[in-house]
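*Asks:* Pasting in a structure now, in C-alpha cells, and then I'll have a few things to ask.
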Amino acid sequence: MPIETNFIFSANSFQDYLDCPRRFELKYLLKQNWPAEESEPVLEFEHNAELGNRFHRMVHQYLNGVPQEILLASIQDAALHEWFANFHAFYSSRKFVQIFSEFSLRAVINQSPLVAVCDLIALTADGNLWILDWKTSAKKTRRENLNDRIQSILYPFIALECADRIFPDIRLQAENIHMAYLFVQHPADNLLTFDYSPDSHQQNRAFLTATIGEILSKEPGTFECTAEARRCRFCVYRSLCERGITAGNLAELEDASDLQDTLSNLDFDAQEEIAF
Ligand code: SF4
C-alpha cells in the first residue's frame, strides 16, 4: 500500500522511519495493530505512561489559567507534586510575554505537510522564541542523543517556517529560535537547550526533503528492518519480524537514553494528539 498523498509527517513518524523503516511501514502504511507489549514490567510501564500524561495535562491547565493551588490540591501523587514544583521553578524564572501551550505548528516541504505539536512555545520581550518540551524520564537524555533526535530538527525548522503566521508583528530570524528540553524529575541543571542558525535551517531543510523523498519513493515491501536489533526489544512488532518474544525492561531502557523516545507511550512530546 503506497503512502497516502495527504500523509502528515510528524516527529513520531519521522523517528519511526529513521529508527526502523519497517516499523514505519507497519505502523503508518499497513496500520498494523500492536501485537506485543513495548516494555516490561507492563504495570510499571503503564504507571509511568499515565504519570507522564497527567503531568502534561496539569501543565497545560496551569498555563491556561487554572490556579496552581487548585491543581495541586487535586493530586495525591508525590511524584507529580515534585515534577510540577520543578517545572514551576523553571517557568517562573522566565519572563515570557506570549505563550501557546500544546500548540500545533504546521509547514510544507515539496507538498508534503509537516506538523510539530509543541508542549509550549513562548516568546520573550526581546523577540526570542522558545520551543519547550517536558521530559518525564528519570534519566536525562545525553545532549548528543537529543541533538540527533528528529524533534530537535523538525520543531525549530517548522517554527521558523511558520513564525510569520504566529507572530505577524515581529520578524523572527533563525538565531531567535531556541529548542529546549526540561527534565522535570530533576530539580537543578534540568534544561538542555539547542540554539538555531541559518545554516542549521538549510541543513534541516535538506535532511527533511531527502528523507521525505526517500520514504515516498519506496515501494511497499521494500521498507527494511533495522540492523540495530536492540531497537526490536522495545518494539511492539518484534513477533511479526521474528525479532524475539520478550519485551525489553524499563530499567534497561533508562540506561539507553537514545532508545527512550522509541516507546510511543512514554514519548508524550512526540505524540501527535493528546486529548486535553
Ligand atoms: S521489531 Fe525490529 S525490525 Fe521489526 S519493526 Fe520493530 S524495530 Fe523494526
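The values are calculated or read from the model by the stated rules, or taken from the named source; none is laboratory data. Just so we're clear, the structure is a prediction, and the values are computed from it rather than from any experiment. For the accessible areas, the whole protein counts, side chains as well, though only heavy atoms, and no ligand, DNA or RNA atoms are used. Shrake-Rupley method; radii C 1.70, N 1.55, O 1.52, S 1.80 Å.
*Asks:* Rounded to a whole number of µm²/s, how large is the Stokes-Einstein D of the chain at 20 °C and 1.002 mPa s, given Rh as the Kirkwood radius over C-alpha pairs?
*Replies:* Numbers: Rh = 19.7 Å.
It diffuses with D of about 109 µm²/s by this estimate.
*Asks:* Indicate, rounded to the nearest 5 percent, the antiparallel portion of the DSSP beta bridges found entirely in the chain.
*Replies:* Details: 21 of 31 bridges.
About 70 percent, rounded to the nearest 5.
*Asks:* Just by accessible area at a 1.4 angstrom probe, what is the order of LEU208, LEU63 from largest to smallest? Let's see the in-between values first.
*Replies:* Working: LEU208 0, LEU63 25 Å².
Of LEU208, LEU63, the descending order of accessible area is LEU63, LEU208.
*Asks:* Follow-up. Under 26 Å Cα-Cα from LYS135, which lysines qualify once same-chain neighbours fewer than 8 residues away are excluded?
*Replies:* LYS27, LYS95
*Asks:* Given a cut-off of under 8 Å on Cα pairs at least six residues apart, what relative contact order in percent is computed for the range 11-270?
*Replies:* Details: 350 pairs, mean separation 70.2, N = 260.
Across the range 11-270, relative contact order equals 27 percent.
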